[in-house]
Amino acid sequence: MAASSCSSILGCVIVAHCVVLLALAGAAHGHPPIAGSALSSTFYDASCPNTHNIVRRVIQNARVTDPRLPASLIRLHFHDCFVNGCDGSLLLDDDLPAIQSEKNVPANDNSARGFPVVDDIKSALEYACPGIVSCADILALAAEISVELAGGPRWRVLLGRRDGTTTNIESANNLPSFFDPLNILQEKFRKVDLDNTDLVALQGAHTFGKVHCQFTRQNCTAGQPEGALENLDQATPKIFDNEYYGNILQGRAQLDSDQVMLSDPAAAATTAPIVHRFASNQTDFFSNFEVSMIKMGNISPLTGKNGEIRKNCRRVNNKGY
Ligand code: HEM
Ligand SMILES: *[C@@H]1O[C@H](CO)[C@@H](O)[C@H](O)[C@H]1NC(C)=O
Ligand SMILES: *[C@@H]1O[C@H](CO)[C@@H](O)[C@H](O)[C@H]1NC(C)=O
């Protein structure tokens with residue numbers, strides 16, 4: 001598989017490197033490596049060498065006036081990858097009847113945010129290297145940079161995804177919900193090859209960012225108006241650390257879907273031991289978080305000649321309709 005996708009010696013090296021990295025990622029979870037993935041951390045090294053710096057600079061500038069932005073950006077990558085794979089489908093605006101935007105489903109409506117900053121990143125990249133960097137890869141890079149800027153781990157983001165030309169409303173309506181019991185959350189993650197360790201590690205992203213009070217377990221009972229925003233991590237709201245798991249152990253998680261990883265009857269044999277582990281060892285959390293982010297970023301990417309590199313993340317390039 002690796003050999004057949006080599007178009008040059010450089011290509012061979014890139015693909016081989018990527019397979020090794022994924023083999024390690026898989027091994028840490030006791031899984032076989034993800035077969036046939038063509039993503040690579042060096043994908044833009046020749047075609048757009050400043051990609052990482054450009055994305056980072058735009059995020060740095062934007063977060064001066066919007067400190068919540070890093071949290072918002074990593075959530076976009078999650079909501080993109082769980083629907084049609086990591087293909088930038090979430091970024092498409094309504095263009096009816098062909099394109100019905102995923103931005104209006106309950107999990108995203110009045111909730112998913114950061115889209116204008118994604119536009120700014122795209123503009124900066126189009127200026128530096130037109131037609132090269134996909135919107136799906138922008139989300140993957142923005143997710144890593146956001147974690148790093150908030151004090152979390154760094155990792156080498158795998159790149160080379162291309163952008164899709166469709167949305168999937170049915171799947172977007174089925175995104176994991178804070179109303180889902182543990183077994184449904186586990187099923188929704190298993191469907192995209194993410195296991196219990198991935199579920200616990202990835203929900204650790206609730207270490208920063210905000211939640212509307214009507215979604216929380218307290219349900220605005222402290223007298224806030226509906227729509228009031230609260231911190232997801234009430235201990236260290238802006239820092240990417242393992243306090244989120246400490247909150248769960250104290251029964252202070254904001255969402256039911258956080259707390260069930262400890263409190264559900266099925267948790268003891270599945271997620272609860274992992275919550276305890278991550279609460280007591282931040283290094284353990286960080287290294288698992290990196291592996292799980294790489295796995296999530298590998299959900300059904302479009303590569304090679306599939307899809308396109310969108311010029312504008314909100315629209316497909318050539319409407320064939
Ligand atoms: C297990 C399934 C998950 C559920 C049910 C869930 C649910 C939610 C909900 C209800 C909110 C608050 C939205 C609002 O009030 O507008 C939220 C925010 C957030 N979620 Fe999740 N989430 C899940 C997994 C994840 C994952 C896998 C990540 C990233 C790896 C993530 C990252 C975030 C972040 C950073 C925020 C704050 C966003 C902001 O401040 O703009 N979540 N999530
Ligand atoms: C909060 O209360 C409202 C009104 O009673 C209810 O519809 C909603 O489901 C509750 N939210 C949660 C998260 O329990
Ligand atoms: C914490 O986790 C790391 C990484 O898994 C491990 O190497 C280390 O031994 C653990 N530390 C403790 C005190 O258990």
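Every number here is computed from the coordinates shown, using simple stated rules; none is lab data. Given the structure is predicted, the values throughout are model-derived calculations rather than measurements. When we count neighbours, we look across all protein chains shown, and the Cβ atoms used for this are built from the backbone with ideal geometry, even at glycine.
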D (Stokes-Einstein, µm²/s), Kirkwood Cα radius, the chain, 0.692 mPa s at 37 °C: 164 µm²/s
Amide H contacts under 5 Å for Leu302, placed H, 5+ residues apart: Arg162
Compactness of region 37-122 as Cα Rg over 2.2 N^0.38 Å, two decimals: 1.21
Contour excess over end-to-end distance, with Cα ends at Asn104 and Asn173 and 0.36 nm allotted per residue: 23.9 nm
With Cα atoms, 0 to 90° folded angle of helix 9-28 axis to the chain main axis: 20 degrees
Range in the chain, longest, excluding exposed trypsin sites (Lys or Arg not before Pro) [loop by DSSP; at most 12 other beta-carbon atoms within 10 Å]: 1-153
Chymotrypsin sites (Phe, Trp or Tyr not before Pro) restricted to region 142-202 and DSSP loop, no more than 15 other C-beta within 10 Å: Phe179
Between region 138-211 and region 253-321, the Cα center-to-center distance that results, in Å: 3 Å
At 1.002 mPa s and 20 °C, Stokes diffusion of region 182-292 via Kirkwood alpha-carbon radius, µm² per second: 151 µm²/s
15 Å Cα cut-off, lysine pairs counted over the chain (separation 8 or more, or different chains): 5
Spin-label pair Arg277/Thr42, simplified geometry with 7 Å Cα→Cβ offset, distance in nm: 3.2 nm
Extension gain from Leu149 to Asn183, taking 0.36 nm per residue of separation minus the Cα-Cα distance: 8.9 nm
